[in-house]
Amino acid sequence: MKVRGKDGEKTVIVPDGVPIVPLAPGDASLLVRDAKVIVTATQRAGNPVALRAIAGRNGFSPPM
């Protein structure tokens, strides 16, 4: 797999069997009971604030 970044392009070897999962925009309908989610948050005024949520759908778990 080739990855491009600020330092140029690099080739990364991905072993067979490693899941490569595309991410796509979703909406609040993905946040249902028992859904597997990953939430990235920060502190603002002493309270946690979610920056993003990654949710699996149809029983799928995010791969992190």
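The values are calculated or read from the model by the stated rules, or taken from the named source; none is laboratory data. A quick note: this is a predicted structure, and the numbers were derived from the prediction, not measured. Counting neighbours? That spans all protein chains shown, and the Cβs are built from the backbone with ideal geometry, glycine included. Just so you know, the surface numbers come from the protein's heavy atoms only, side chains and all, with ligands and any DNA or RNA stripped out. Shrake-Rupley method; radii C 1.70, N 1.55, O 1.52, S 1.80 Å.
What to note about this one:
- The range 47-63: number of residues that are open to solvent by 80 Å² or more (accessible area, probe 1.4 Å), closer than 20 Å to V18 by Cα and among the polar types (S, T, N, Q): 0
- Hits in the range 1-12 (condition: at pLDDT 95 or above and among the β-branched types (V, I, T)): T11
- Cβ separations smaller than 6 Å between residues 6+ apart or across chains give the following pairs from the range 34-62 residues that are charged (D, E, K, R) to residues that are assigned to a strand (DSSP E or B): R52/T40.
- Scanning the range 31-64 for residues that are modelled with pLDDT of 90 or more and more than 10 Å from the chain's Cα centre (by Cα) returns A41, T42, Q43, R44, A45, G46, N47, P48, V49, A50, L51.
- Counting the residues of the range 2-46 that are open to solvent by 70 Å² or more (accessible area, probe 1.4 Å), over 15 Å from S61 (Cα atoms), part of a loop (DSSP other than H, G, I, E, B) and not basic (K, R) gives 8.
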